[in-house]
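**Student:** My questions will all concern the structure given below.
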Amino acid sequence: MPNPTAAMLVIGDEILSGRTRDANMYHLAGELTKHGIDLKEVRVVSDDSAAIEAAVKALSDRFDHVFTSGGIGPTHDDITADCIARAFGDHIDIRDDARALLEAHYQRTGLELNAARLRMARIPDSATLIDNPVSTAPGFTIRNVHVMAGVPSVFQAMVASVLPTLTGGQPLLSQTLRIDRGEGDIAETLSQLAADFPDLSIGCYPFQINGAFGANVVVRGTDGARVDAAVTRLARESAQ
């Protein structure tokens with residue numbers, strides 16, 4: 001059976017403007033790989049309601065899981081929760097379970113649970129909460145969409161909360177072989193290798209160091225013996 005598939009939707013003007021560098025995709029990709037879920041697509045959209053709604057519906061239809069990042073905080077531009085509720089035709093408002101979490105948190109910290117902070121308790125009716133051990137304000141899962149914060153430490157904690165609840169497949173294994181020859185010299189060898197090992201992913205990543213050309217070839221697959229066989233053959237043939 002093939003592994004389950006996933007997509008990621010990164011939400012926020014700050015990403016598209018270059019003001020903030022996204023670190024969440026890198027983390028999610030690594031965690032999904034270990035869990036046996038294949039990340040197939042990543043989209044980045046602005047803080048625009050129509051764009052968020054269209055993207056989440058499209059990705060939800062195409063993939064087994066969708067992970068969103070960003071836009072569930074206390075400010076006016078945190079519109080993700082409302083957009084996703086509209087995308088699935090679900091009612092959204094301050095939920096008692098989410099409110100209770102925030103009340104307990106702000107009581108412990110001595111801060112006021114004001115109207116802005118209470119926005120983080122707006123959860124669609126049919127959603128289940130995603131635990132946030134870092135700052136308490138929960139994410140949520142609705143259908144096959146997991147809605148999480150954009151702050152990297154919180155996003156990572158939420159991923160750790162969600163993944164144990166998902167059925168994964170076979171973890172993706174990889175080996176890297178450094179070849180001190182240019183891409184053009186090994187292109188034919190790689191093409192034949194890819195044809196003979198169609199179950200594996202073979203990527204070529206060139207580099208130049210002190211004027212010398214080379215490439216790191218990464219072989220990925222779920223069958224360790226097949227990965228070993230491909231790398232062994234590549235090492236032999238690229239040395240000829």
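**Student:** When the distances between all Cα atoms of region 159-202 are binned every 5 Å from zero, what whole-number percent does each bin get?
**Tutor:** Using 5 Å bins, I get a P(r) of 5, 15, 18, 18, 11, 9, 8, 9, 7, 0 for region 159-202.
**Student:** While we're looking at this one, here's another question. Just to confirm, what accessible area per residue do you get for the chain at 1.4 Å probe, in whole Å²? Numbers along the way, then the final one.
**Tutor:** Working: 12380 Å² over 240 residues.
That works out to 52 Å² per residue.
**Student:** Please work out which option in (1) 42, 18, 16; (2) 35, 22, 15; (3) 28, 20, 17 gives semi-axes √(5λ) of the Cα gyration tensor in Å calculated from these coordinates, and answer with its label.
**Tutor:** Checked against the structure: label (1).
**Student:** If you count the DSSP beta bridges with both ends in region 1-143, what percent of them are antiparallel, to the nearest 5?
**Tutor:** In region 1-143, approximately 35 percent of DSSP beta bridges are antiparallel ones.
**Student:** In degrees, nearest 10, range 0 to 90: what is the angle between the Cα axis of helix 152-162 and the longest Cα principal axis of the chain?
**Tutor:** Here the helix axis deviates by roughly 90 degrees.
**Student:** What is the angle, in °, between the Cα long axis of helix 49-62 and the longest principal axis of the Cα atoms in the chain? Nearest 10 is fine, range 0 to 90.
**Tutor:** It is inclined by approximately 50 degrees.
**Student:** Taking one equal scatterer on every alpha-carbon of region 97-230, how large is log10 of I(q)/I(0) by Debye at q = 0.10, 0.12, 0.20 1/Å?
**Tutor:** Debye intensities relative to I(0), on a log10 scale: -0.60, -0.69, -1.08.
**Student:** At what distance in angstrom do the alpha carbon centres of region 1-34 and region 86-161 lie from each other?
**Tutor:** Region 1-34 and region 86-161 have Cα centres spaced 20 Å from each other.
**Student:** Can you give the helix-only mean residue ellipticity at 222 nm for the chain, where every DSSP H stretch with n ≥ 4 adds -39500 (n - 2.57) and the sum goes over all residues, rounded to the nearest 500 deg cm²/dmol?
**Tutor:** My calculation for the chain gives -12000 deg cm²/dmol from helical runs alone.
**Student:** Test of understanding: in a Gaussian network model of the chain with alpha carbons linked when under 10 Å, which of Ala195, Ala100, Ala116 would top the mean-square fluctuation ranking?
**Tutor:** Comparing Ala195, Ala100, Ala116 in the GNM, the peak value goes to Ala195.
**Student:** Further, regarding this structure: Could you check the simple spin-label distance between Asp93 and Leu129, using points 7 Å along Cα→Cβ, in nm with one decimal?
**Tutor:** Distance between the two pseudo-spin positions: 1.8 nm.
**Student:** Going highest first, how would you order 109-115, 80-86, 203-209 by mean Cβ packing within 10 Å?
**Tutor:** With the highest mean Cβ count within 10 Å placed first, the list reads 80-86, 203-209, 109-115.
**Student:** Diagonalise the Cα gyration tensor of region 20-123 and give the resulting equivalent ellipsoid semi-axes, square root of 5 times each eigenvalue, largest first, whole Å. Intermediate values should be presented prior to the final figure.
**Tutor:** Values: eigenvalues 150, 64, 37 Å².
Whole-Å semi-axes of the equivalent ellipsoid: 27, 18, 14.
The values are calculated or read from the model by the stated rules, or taken from the named source; none is laboratory data. The structure displayed is predicted, hence computed values, not measured ones. For neighbour counting, all protein chains shown are included, and Cβ atoms are generated from backbone atoms with ideal geometry for every residue, glycine included. Each accessible area value is taken on the protein alone, full model and side chains, heavy atoms only, with ligands, DNA and RNA left out. Shrake-Rupley method; radii C 1.70, N 1.55, O 1.52, S 1.80 Å.
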